[in-house]
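> A single structure is presented below for examination.
The values are calculated or read from the model by the stated rules, or taken from the named source; none is laboratory data. These numbers were taken from a predicted model, which means no experiment stands behind them. Cβ placement follows ideal geometry from the backbone for every residue including glycine, while neighbour counts extend to all protein chains displayed. We work out accessible area using only protein heavy atoms, side chains counted, and drop any ligands, DNA or RNA first. Shrake-Rupley method; radii C 1.70, N 1.55, O 1.52, S 1.80 Å.
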Amino acid sequence: MAKLMIRGLETSVEIWNEEAEQTLVALHGFTGSTATWQNLAKALPNVRVIAIDLIGHSQTAIPQQISRFSMQEQIQDLEEVFSQLELKKITLLGYSMGGRVALSYAISYPERIEKLILESASPGLRTAKERSERCERDNALAEKIISNGLISFVNTWETIPLFESQKRLPHNVRKAIRFERLFQKEEGLAGSLRGIGTGSQPSNWIALEKLEFPVLLITGSLDEKFCKIALEMKALLKNAKHTTVNEAGHAIHVENPAEFATIVEEYLTSFNTNERS
């Protein structure tokens, strides 16, 4: 685990398989951390996997100002991380919230992106009305986290429909996910919701058709909402592939880690540049 000073914030970065030639940068979801990608890194010994604790999460410092949590700030932070690590061209992977961040970064710095992999991710909300309503809900949830504390929030968060399929996972896997969530801080999660939530970020739908680099969209068949979003994204992207993992929900990397690792590895090593299958 390394700590980098990134635009005034101490930022936590973890790197596995440092001697490998190919580089994959991985961004976790809401309530996640670099630990999200530990098993993927083990499954890909020939890939240097770099994971970052995003703003408001785990061991990265928590900003005082809500504006410092914004998507634009996070994009600039990532660019500074990549500069400090001397990364020229990368494959970028993002899960859920991390997928929104990865896509937003890729739109801002397309020259940095070799390939983009989005797991259960969206380009944000299309209309101002949707964004406004989502901001209200996220602000209410942020208030609850601060008022009721982390344990109360995690207990509730584990029961939302999005994670229903995770109830079938082995006890030790569910325990690890819970531990990762409980390793957060109330102020960090609340700030993340307010600053970089789906309602707060700009909509990226219009930008999709301008992207030239290859994009892989991965969804779980049980996650109907994000399967639909992925199909809509694929229709707009010039160079996209959509893969659905059967009997998996939102967090494919947790629910079927072996298949997820295989999909990522095959995409990393493929040379096809104009695929729409």
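> Residue by residue through the stretch 1-28, note down the ones that are surrounded by fewer than 20 Cβ atoms within 10 Å (Cβ to Cβ) and closer than 13 Å to Thr91 by Cβ.
Ala20, Glu21, Gln22 - these are the residues of the stretch 1-28 that are surrounded by fewer than 20 Cβ atoms within 10 Å (Cβ to Cβ) and closer than 13 Å to Thr91 by Cβ.
> Moving on. Just one of Val13, Val25, Val101 is on the phi < 0 side of the Ramachandran plot, of a type in the set (Val, Ile, Thr) and part of a helix (DSSP H, G or I); which is it?
Residue meeting the stated conditions: Val101.
> While we're on this one: Going by the conditions given, is Tyr95 touching a His at 6+ places or on another chain (Cβ under 9 Å), in contact (Cβ under 8 Å) with a residue 12 or more places away in the chain, surrounded by 19 or more Cβ atoms within 10 Å (Cβ to Cβ) and not small (Gly, Ala, Ser)?
On the way: touching a His at 6+ places or on another chain (Cβ under 9 Å): yes; in contact (Cβ under 8 Å) with a residue 12 or more places away in the chain: yes; surrounded by 19 or more Cβ atoms within 10 Å (Cβ to Cβ): yes; not small (Gly, Ala, Ser): yes.
For Tyr95, the condition - touching a His at 6+ places or on another chain (Cβ under 9 Å), in contact (Cβ under 8 Å) with a residue 12 or more places away in the chain, surrounded by 19 or more Cβ atoms within 10 Å (Cβ to Cβ) and not small (Gly, Ala, Ser) - is met.
> Considering only the stretch 29-80, state which residues are without any contact (Cβ under 8 Å) to a residue 60 or more places away in the chain, more than 13 Å from Glu14 (Cα to Cα) and either crowded, with 21+ Cβ neighbours inside 10 Å or touching a His at 6+ places or on another chain (Cβ under 8 Å) (or both).
Hit for the stretch 29-80 is Leu78, nothing else.
> Report whether or not Lys144 is open to solvent by 40 Å² or more (accessible area, probe 1.4 Å), farther than 17 Å from Phe30 by Cβ and in a helix (DSSP H, G or I). Let's see the steps before the verdict.
Values: open to solvent by 40 Å² or more (accessible area, probe 1.4 Å): yes; farther than 17 Å from Phe30 by Cβ: no; in a helix (DSSP H, G or I): yes.
Judged against the criteria, Lys144 is not a match.
> Something else: Quick one: which of Leu216, Leu236, Leu222 is open to solvent by 40 Å² or more (accessible area, probe 1.4 Å), closer than 30 Å to Glu265 by Cα and touching a Ser or Thr at 6+ places or on another chain (Cβ under 9 Å)? Lay out the reasoning, then the answer.
Details: Leu216 fails: open to solvent by 40 Å² or more (accessible area, probe 1.4 Å); Leu236 fails: touching a Ser or Thr at 6+ places or on another chain (Cβ under 9 Å).
Only one candidate passes the filter, namely Leu222.
> Among what's in the stretch 50-91 and is out of contact with any strand residue (DSSP E or B) (no Cβ under 8 Å at 6 or more places or on another chain) and among the β-branched types (Val, Ile, Thr), pick the residue that is nearest to Leu182 (Cα to Cα).
Here the answer is Ile62.
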